[in-house]
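A short worksheet on the structure shown next.
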Amino acid sequence: MPLKTSYFKKELWKQGFRSSGWIGIAYFIGLLFVMPLMLVMWMTSPDSYWSKDEKLENLFYINGEFQLIFLMFIPVLAAIFTFRFMQVKGSSDFIHSLPLSRTQIFIQQYLMGLSMLLLPILVNGVILYIVQIGFQLQKMYTIADIGWWMFVSLVFALIIYSFACLIGVLTGLSTVQAGLTYIFLFFPIGIYLLLSFNLEFLLLGYSVGNQTEEFMTKLSPVMSLIEYVVMENDSIGLLWIYLGASIVFFLLSIYLYRIRDAEAANQALAFSIIKPIFRFGVTICFMLLGGVYFGFTQGSMLGWIIFGYIFGAFLGYTLAEMLIQKTWRVFPHYKGFLVYIGISMFLLISVAMDWYGYEKRIPNEVDIEGIYIDEINSGIFNMYYSNSDGDHPNIVDPALIKNVTTLHESIVQSDTIEYSLYQEYGEHSTEIDITYFLKNGKQMNRSYFIDDYRDLDEYLLPILESETYKLSGIDWLVKQDLEIAWLEGIKGSKEFTDKEFLQKLLDAVREDYRHASYEELRITNDGSFANFNFHFNNGDMFSLNIGPDFKNVIQILHEEGLDHLLPLDAEDYSMVAVTTSLDDYYEMYHVPYDEELKERWIIFEEESEIDNLLTLSDYENANQGIYIAFYDKQHDSFVFNKKVNREDLPDFVKSRLKEIE
């Protein structure tokens, strides 16, 4: 009678459980403590702020940080200890002497390690259901919530475990297996960041855009795991992709294990063909890291960046060679390094000299469907509060598209831009992000730091002050479901709920916002004259500063008898500071508290003097401009500032200017 060979070998499972079963037990106990037991403690504690009627967003809300740690480390541990026999010569010789094919051995070991991950999750899922029934927690979480938690946990445990098994087949040392597993799990986002930083050093205007960053993040299972656990991602499509990738890793591991030399135990890398890949991969990463380090520490000095590339490449090549050769005597093996440096320097020079035309490339207007443009530094246009984002254009008007391309041309031809990572913000500094949406479906992203936006006023202000652009940043003002508006004034606060008044308020804010200049909005955003918080019925909340130039809003508050909450009179201010020059725009915030700084300002505290200065007109483009800063009486905090012509100053100010000149 012919014998049949079974994939299930009882004695091997017993041996495997004795040597590595503690991992599954520890995982089960860990999950038990951080989830079901935590729920029981919530429900039995008299001081708990959780009630059984309060809905959890999902079950990762229960000690999610511990669940995240478990899913990041337990699958790797399971893979290391399950396949440890491959890394130890004695164990490898014993296992491979058994009357089993390599496919049978691998599948059995793989399933053994997988059971250490799946069983703790499944059993804890059952316990969560029992706790739900026992404590009547149906409103807190549902069976569907348990199923979603189990599915997400199983998928991420599976892909990390399968990938760690694949790395284990490729290596001959457990420490190398652990290290390479985490290196490659973070590799997509890590290499993306290194390349991005280096290209920002070398290319003016470099920007990869939101879509590329999101795509690279999804290539890293660990980063995606963080999104699911911490950021409450509920996308199921990515999970199915990860399941498919797990199957690919499993099949590839079986194939490689079948052709792996048994003598590869105790070798850093089990296959000779991957040694040059590993060697140059480590060299590239260290080279980019060296460029980033010296780029950050030495600024825009290309010589230091090149030194960082060479030093980093040398260090990376040396470390990789030491690991491969298992000795520090690697100096006879540097021929490959010289070839690598030659190729790298050629590529570096081609990028630094922009042989590919990246810096000068501007799309033709006829090819542009729309543009998203954002002025980042001041945040005065509240793009982060609006529905406007870099994935959709906020400019589609052909005339404004023409203005943007003209602005772009002037930027690349001017000397006002700096490399993105070397910015030092001053009073008139800003950062411009431009995303072109082309008719062929592609996008083109650029980002520029502008040292002084006034040098580009001719091209920039027509865009930033256009009604289309402004309203794209406050599109929420057209909402009709405003529930509450909350005014935070220097002298008090007030809540508004009357629907008629709320609509009048929104209309007034919209009108003042539309007619305000860029500089007026910039000053308003930096000051603390007053602030409105808007709460809508759908849960959205928006915040907006107003300033003394918001005449329509002030008029409405005056009609309601609430203008006393605003600092409109001299008696509302403790002092006014005047100076003829401003080294740093933000120094005016510190004048009341910095005695040394006060010596560069003239201080006026008399109510009559403050009243006179309040009446001065603000000229943002004033010649020989004088800066005037106002501070509230309650906190001595900066409220707003004006820039006025010297000839418009009252005599009591002119007579004291010599004190600071």
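The values are calculated or read from the model by the stated rules, or taken from the named source; none is laboratory data. Bear in mind the structure is a predicted one, so any value in this text is a computation, not a measurement. Neighbour counts are summed over all protein chains in view; Cβ atoms, including those assigned to glycine, are modelled from backbone coordinates with ideal geometry. Side chains included, ligands, DNA and RNA excluded: accessible areas come from the protein's heavy atoms. Shrake-Rupley method; radii C 1.70, N 1.55, O 1.52, S 1.80 Å.
When only residues in segment 340-354 that are more than 31 Å from the chain's Cα centre (by Cα) and not aliphatic (A, V, I, L, M) count, which is most open to solvent (accessible area, probe 1.4 Å)?
Result: 346.
Only one of 521, 562 is in contact with a Lys or Arg (Cβ under 8 Å, 6 or more places away or on another chain) and touching a residue at least 60 places away in the same chain (Cβ under 8 Å). Can you tell me which? If you could, list the steps in order and put the result at the bottom.
Working: 521 fails: in contact with a Lys or Arg (Cβ under 8 Å, 6 or more places away or on another chain).
The match here is 562.
Give me the pairs, please: first residue somewhere in segment 101-112 and touching a residue at least 24 places away in the same chain (Cβ under 8 Å), second residue anywhere and among the small types (Gly, Ala, Ser) and part of a helix (DSSP H, G or I), beta-carbon distance under 8 Å, and either six or more positions apart or on two chains.
Every condition considered, the pairs that remain are 106/253; 109/16; 110/253; 112/16; 112/20.
Got at least one residue in segment 531-545 being open to solvent by 20 Å² or more (accessible area, probe 1.4 Å), modelled with pLDDT under 85 and within 28 Å of residue 458 (Cβ to Cβ)?
Yes, there is a match, as at least one residue in segment 531-545 is open to solvent by 20 Å² or more (accessible area, probe 1.4 Å), modelled with pLDDT under 85 and within 28 Å of residue 458 (Cβ to Cβ).
Hey, can you tell me all the residues within segment 492-518 that are in contact (Cβ under 8 Å) with a residue 60 or more places away in the chain and closer than 23 Å to residue 616 by Cα? Steps first, answer last, please.
As a first pass, look at segment 492-518 and keep what is in contact (Cβ under 8 Å) with a residue 60 or more places away in the chain: 492-494, 517-518.
Selection gives 517, 518.
Run down 312, 342 and say which single residue is touching a Ser or Thr at 6+ places or on another chain (Cβ under 9 Å) and either in a helix (DSSP H, G or I) or touching a residue at least 40 places away in the same chain (Cβ under 8 Å) (or both).
After ruling out the rest, the residue left standing is 312.
Considering segment 251-276 alone, what residues qualify as being part of a helix (DSSP H, G or I) and either surrounded by fewer than 13 Cβ atoms within 10 Å (Cβ to Cβ) or modelled with pLDDT of 90 or more (or both)?
Hits for segment 251-276 are 251, 252, 253, 254, 255, 256, 259, 263, 276.
Checking residue 297 against (1) surrounded by 16 or more Cβ atoms within 10 Å (Cβ to Cβ); (2) more than 24 Å from residue 166 (Cα to Cα); (3) not acidic (Asp, Glu), which single condition isn't satisfied?
(1)
Here are some residues: 212, 175. Which one is surrounded by fewer than 15 Cβ atoms within 10 Å (Cβ to Cβ) and at pLDDT 80 or above?
Sole residue among the options that is surrounded by fewer than 15 Cβ atoms within 10 Å (Cβ to Cβ) and at pLDDT 80 or above: 175.
Which of the strands (runs of 3 or more DSSP E) contained wholly in segment 355-471 include at least 3 residues that are in contact with a strand residue (DSSP E or B) (Cβ under 6 Å, 6 or more places away or on another chain) and either modelled with pLDDT under 80 or closer than 25 Å to residue 194 by Cα (or both)? Before you say what the answer is, go through the steps one by one.
Working: elements: 368-375, 430-438, 443-450.
Counting at least 3 such residues, we get 430-438, 443-450.
I'm trying to understand the selection: among the residues of segment 319-339, which are in a helix (DSSP H, G or I), without any contact (Cβ under 8 Å) to a residue 60 or more places away in the chain and more than 33 Å from the chain's Cα centre (by Cα)?
321, 322, 324, 325, 331, 332, 333, 335, 337, 338, 339
Could you grab me the full set of residues in segment 55-102 that are in a loop (DSSP other than H, G, I, E, B) and either open to solvent by less than 40 Å² (accessible area, probe 1.4 Å) or under 28 Å from residue 155 (Cα atoms) (or both)?
Result: 55, 56, 57, 58, 62, 63, 83, 87, 100.
Confirm whether residue 248 is open to solvent by less than 30 Å² (accessible area, probe 1.4 Å), at pLDDT 80 or above and either out of contact with any Pro (no Cβ under 7 Å at 6 or more places or on another chain) or aliphatic (A, V, I, L, M) (or both).
So residue 248 fails the test.
Being in contact (Cβ under 8 Å) with a residue 24 or more places away in the chain, surrounded by fewer than 18 Cβ atoms within 10 Å (Cβ to Cβ) and not aliphatic (A, V, I, L, M) is true for just one of 161, 182. Which residue is that?
Within the list 161, 182, the selection yields 182.
Look at segment 119-139 and say how many of its residues are surrounded by 18 or more Cβ atoms within 10 Å (Cβ to Cβ) and not β-branched (Val, Ile, Thr).
6
Here are the criteria: (1) modelled with pLDDT under 85; (2) of a type in the set (A, V, I, L, M); (3) under 32 Å from the mean Cα position of the chain (by Cα). Tell me which single one residue 59 does not satisfy.
(1)
Name the single residue, out of those in segment 507-530 being in a loop (DSSP other than H, G, I, E, B) and hydrophobic (A, V, I, L, M, F, W, C), that is surrounded by the fewest Cβ atoms within 10 Å (Cβ to Cβ). Write out each step before concluding.
First, pick out the residues of segment 507-530 that are in a loop (DSSP other than H, G, I, E, B): 516-517, 527-529.
If we keep only those that are hydrophobic (A, V, I, L, M, F, W, C) too, we end up with 516, 529.
Numbers: 516: 20, 529: 23.
The qualifying residue surrounded by the fewest Cβ atoms within 10 Å (Cβ to Cβ) is 516.
Listed residues 605, 661, 647, 609; which is touching a residue at least 60 places away in the same chain (Cβ under 8 Å) and over 44 Å from the mean Cα position of the chain (by Cα)?
661
Suppose we keep only residues that are hydroxyl-bearing (Ser, Thr, Tyr) and in contact (Cβ under 8 Å) with a residue 12 or more places away in the chain within segment 140-154. Which one would you say is surrounded by the fewest Cβ atoms within 10 Å (Cβ to Cβ)?
Here the residue is 141.
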